[in-house]
Each structure stands twice: as structure tokens, then as C-alpha cells.
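Notes to accompany the following structure.
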Amino acid sequence: MQVTLGQRPVLAASPTTSGAQALQLRAGACPATLRSARSCRAQRPSMTSSSGRRQGVAAKAGRGSAIEEEVAVDKIEGSLLRHDIDDPNSMRGKFETIIRAAQDRITKEVTELDGTSFREDAWTRPGGGGGISRVLQGGNVWEKAGVNVSVVYGSMPPEAYRAATGTKAGLDADPKDRVPFFAAGISSVMHPINPHAPTMHFNYRYFETETWKGVPSQWWFGGGTDITPSYLYEDDMKHFHGMYKEVCDKHDPAFYPRFKTWADDYFLIKHRDERRGLGGIFFDDLNDRPADQILAFSTDAMAAVTKSYLPIVAKHKDDPFTEEQKQWQQLRRGRYAEFNLVYDRGTTFGLKTGGRIESILMSLPLTCRFEYDHHPKSGSPEAELLDACKNPREWV
């Protein structure tokens with residue numbers, strides 16, 4: 001069975017979450033996804049595409065949403081921060097500057113390799129915040145690729161704040177009270193045409209609550225980059241993982257083994273006992289050292305996206321392939337969709353709470369395939385890839 005998942009481009013939401021689950025922000029037709037992994041009870045504001053208005057505002061407000069309606073604009077001029085309120089030299093300003101620059105650089109480099117331009121949708125909100133969604137679909141190299149940034153100001157109930165921060169502050173607060181928060185992030189997914197070229201996903205985010213009930217502002221970072229090939233080329237995996245080990249080792253030698261294991265654990269499709277792909281790095285709730293140090297690490301990790309990935313795509317984009325190999329790629333993309341619909345906590349939360357479907361399903365590939373009781377032939381390249389998905393390997 002061949003499945004086409006909609007006619008509009010969709011983008012991968014970043015897999016997130018640690019022990020407690022996620023506060024997710026979804027923005028635009030192909031939104032950036034930001035998640036604080038500490039609480040699935042935290043408010044997850046849902047946003048519409050840049051061309052539309054908020055649907056069901058009253059209904060969403062009834063679920064506790066507190067995000068202003070977005071306004072479509074032709075172009076974002078300047079910062080998305082609240083003017084005359086937020087310091088551009090604050091961590092909020094620094095992070096926005098970095099993700100905006102990363103979006104520009106990554107889309108430029110992808111366009112140079114593909115030869116196809118990205119479509120851009122942009123929006124702002126009266127009280128500050130907004131987003132930029134850039135999507136390439138039907139290209140020469142990629143079926144679909146998108147890189148998106150968003151900045152959001154919102155609020156969450158006291159219970160969500162306590163779960164997200166691990167504090168008992170505000171136990172006597174009115175349940176109707178709201179805790180202001182700020183979230184910003186960049187997210188991407190890239191699905192190539194050639195089955196010998198891998199899919200790649202990344203997301204980097206910063207979350208911060210404002211001072212509330214005498215409790216100082218709380219903050220943390222999250223993110224990661226992961227790779228999902230249909231065929232295993234060890235040199236490619238050594239290059240990809242080697243780039244991220246180099247980034248991690250520059251900041252803390254403990255990062256790579258910790259974050260590589262975290263990625264392997266997160267992407268497990270439990271009912272099949274196999275992983276969606278061959279991992280990478282993943283981290284969340286990171287606030288165990290000065291914020292500027294984690295910002296520097298996140299910046300270097302974003303800078304490694306194209307260095308770790310584009311040479312692999314350039315190497316394989318023109319490889320000859322058979323119809324059977326294309327079908328195997330579609331089966332693996334079926335696993336990609338399966339993981340996101342069954343296990344991705346941001347996706348399942350959004351579906352259960354009636355959020356905007358285009359945003360919730362942004363993680364799905366354009367096309368995928370499901371076959372009944374499919375098993376690759378023993379000793380085949382397909383069987384080797386599956387074994388690596390079932391038994392995580394050390395690549396570097």
C-alpha cells in the first residue's frame with residue numbers, strides 16, 4: 001500500500017522529551033517545534049499557517065491556550081522579540097539571532113545543492129513573537145525539505161509550571177492563574193528522493209519562564225540532530241556521528257555518549273523493537289551549567305548540520321537505484337510515520353487535544369509504504385539496515 005500524506009508540505013517536529021514529556025510549540029504550515037521535555041501537562045499552544053487566522057480561538061482558549069492570533073506578513077523585518085521590553089542582548093535575543101542565522105545559512109546551502117528555491121511564509125503577533133516557515137517540495141534532490149524558526153510568548157497553568165520546573169512554588173495559586181513563558185526554536189526535516197541518500201532531522205530550542213510568585217525565571221535548552229537512512233553505508237555513519245562527537249567533545253567529552261544513547265533510546269519503535277533510524281544526538285532539560293556555555297554548544301551543533309549531512313546527500317543523490325530499492329525506502333518512511341504517530345509525544349498529545357492537524361502532522365514524510373508482514377531477505381543490504389536499527393552500533 002502506497003500512502004500519500006497530504007498535498008501540503010509537512011515538517012518533522014523534533015523528537016523530544018525526557019522523563020516527563022514535552023511542552024511543544026508548533027507554528028505555521030511547516031513550523032518550528034519547541035519542546036520542554038519536563039511535562040506533557042504543560043500548555044502546548046497550537047498555531048495556524050501564516051496565510052490563515054487562528055481556528056477555533058474560543059475552543060482553544062477553553063483548553064487554556066494563551067497565544068495571540070498571528071498576522072501574516074510578507075517579510076520579517078528585524079527581531080521577533082517584544083520591542084522595548086526584551087533586551088536583544090539577553091539569552092532570548094541571542095538565541096533568536098542564532099536560529100535566524102542558521103535558517104538563512106542552511107536553506108541557502110540546501111538550495112545550492114538542489115537547485116530549487118524554498119517557499120517562505122512569515123507571521124507575527126501583536127504582542128511579540130512570530131515565525132518563518134521555509135519549505136522546498138518537489139525538488140531535484142529532495143522530495144521535501146523545510147527549515148523553520150519560531151518565537152512565542154504564552155502562558156501555562158500553575159500545575160504545568162510546577163511540573164515543568166520541578167518546583168513546589170505557587171501551591172496556593174489560583175488554578176486559573178497563568179505563568180508567562182517564552183519559547184524559541186528551529187526545526188527541520190529533509191527527505192531526499194534517492195533511497196541511497198538519508199533523511200535528516202534536527203531541532204534546537206530554548207525555553208524560559210518569567211518570574212512568578214517570587215520564583216526566579218526558569219530556563220533550559222533542548223535539541224538534537226538525527227539521521228534516518230534506508231541503506232547502511234558505514235563511512236556515511238562514521239562521518240555523521242564523527243561530526244557530532246567532535247562538536248560534543250569540544251564542550252564536554254561526556255556529551256556524545258550520553259546524547260547518543262539518549263537518541264537511541266528515544267527513537268525506539270517499541271512494538272517492533274527497532275529504531276526509526278540510526279540516531280545521532282538528542283538532549284533536553286539542559287541547564288546544568290551557565291546558559292552561555294549551552295548556547296555555544298547549541299550553536300556549534302546547528303553549524304554542524306550541513307557539514308554532517310549535505311556531503312552524504314551529494315555523494316548519493318545521483319546513485320542508480322531500482323524500483324525495489326525505492327519501495328524499501330518507502331517502507332522505512334512508513335516506520336518514520338509509524339513512530340511519530342504512535343510514540344512521538346508531541347504528535348500524540350496534539351491529536352488527543354484537537355490541535356491544528358497541519359501542524360501536528362508536520363513530522364510525516366510526503367509518501368510512505370506499508371506492506372503486510374514484510375521481512376527483508378537474510379543477508380541483504382535491507383536486512384543489514386534493519387539489524388542496525390534493532391541493535392544500535394557505535395560508529396566512532
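Taking residue 285 as meeting all but one of (1) touching a residue at least 24 places away in the same chain (Cβ under 8 Å); (2) more than 16 Å from the chain's Cα centre (by Cα); (3) open to solvent by 20 Å² or more (accessible area, probe 1.4 Å), write down the number of the exception.
Result: residue 285 passes all but (2).
Would you point out the residue of region 195-250, among those that are polar (S, T, N, Q) and assigned to a loop (DSSP other than H, G, I, E, B), that is modelled with the highest pLDDT?
230
Can you tell me how many residues within region 231-279 are on the phi > 0 side of the Ramachandran plot and β-branched (Val, Ile, Thr)?
Residues meeting the conditions: 0.
Can you find a residue in region 301-311 that is farther than 19 Å from residue 188 by Cα and β-branched (Val, Ile, Thr)?
No: zero hits.
For the structure I just gave you, tell me whether residue 328 is open to solvent by less than 60 Å² (accessible area, probe 1.4 Å), modelled with pLDDT of 90 or more and not in a helix (DSSP H, G or I).
no
Looking for something charged (D, E, K, R) and not in a helix (DSSP H, G or I) - is there at least one such residue anywhere in region 289-307?
Yes, region 289-307 contains at least one residue that is charged (D, E, K, R) and not in a helix (DSSP H, G or I).
Out of all the residues in region 357-393, which are open to solvent by less than 40 Å² (accessible area, probe 1.4 Å) and modelled with pLDDT under 95?
Selection gives 359, 360, 362, 363, 364, 365, 366, 367, 368.
So residue 319 ticks every box in (1) part of a loop (DSSP other than H, G, I, E, B); (2) under 19 Å from the mean Cα position of the chain (by Cα); (3) not hydroxyl-bearing (Ser, Thr, Tyr) but one. Which box is left unticked?
For residue 319, the exception is condition (2).
Can you find a residue that is open to solvent by less than 40 Å² (accessible area, probe 1.4 Å) and in contact with a helix residue (DSSP H, G or I) (Cβ under 7 Å, 6 or more places away or on another chain) anywhere in region 103-112?
yes
Tell me which residues, restricted to region 171-194, are among the hydrophobic types (A, V, I, L, M, F, W, C) and at pLDDT below 85.
Correct list: 171, 173, 179.
Of the conditions (1) open to solvent by 40 Å² or more (accessible area, probe 1.4 Å); (2) at pLDDT 95 or above, residue 168 fails just one. Which one is it?
The number of the failed condition is (2).
Residue by residue through region 90-119, note down the ones that are free of Cβ contacts under 8 Å to residues at least 12 places away in the same chain and within 21 Å of residue 141 (Cα to Cα).
Selection gives 104, 108, 112.
Among the residues of region 128-143, is there at least one that is in contact (Cβ under 8 Å) with a residue 40 or more places away in the chain, part of a loop (DSSP other than H, G, I, E, B) and of a type in the set (Lys, Arg)?
no
I need the full set of residues from region 115-146 which are charged (D, E, K, R), closer than 17 Å to residue 197 by Cα and buried (at least 21 other Cβ atoms within 10 Å of the Cβ), in order please.
144
List every residue pair whose Cβ atoms sit under 6 Å apart, with the two residues 6 or more apart in sequence or on different chains, where the first one lies in region 208-220 and is at positive phi and the second, anywhere, is at pLDDT below 85.
Hits for this filter: 213/169; 213/170.
Is it the case that some residue within region 271-281 is more than 24 Å from residue 395 (Cβ to Cβ) and either open to solvent by 10 Å² or more (accessible area, probe 1.4 Å) or assigned to a helix (DSSP H, G or I) (or both)?
Yes: region 271-281 contains one or more residues that are more than 24 Å from residue 395 (Cβ to Cβ) and either open to solvent by 10 Å² or more (accessible area, probe 1.4 Å) or assigned to a helix (DSSP H, G or I) (or both).
The values are calculated or read from the model by the stated rules, or taken from the named source; none is laboratory data. Model, not experiment: these values are computed from the prediction. Glycine gets a Cβ as well: all are built from the backbone with ideal geometry, and neighbour counts include every protein chain shown. Please note that ligands, DNA and RNA were not included when accessible areas were found on the heavy atoms of the full protein model with its side chains. Shrake-Rupley method; radii C 1.70, N 1.55, O 1.52, S 1.80 Å.
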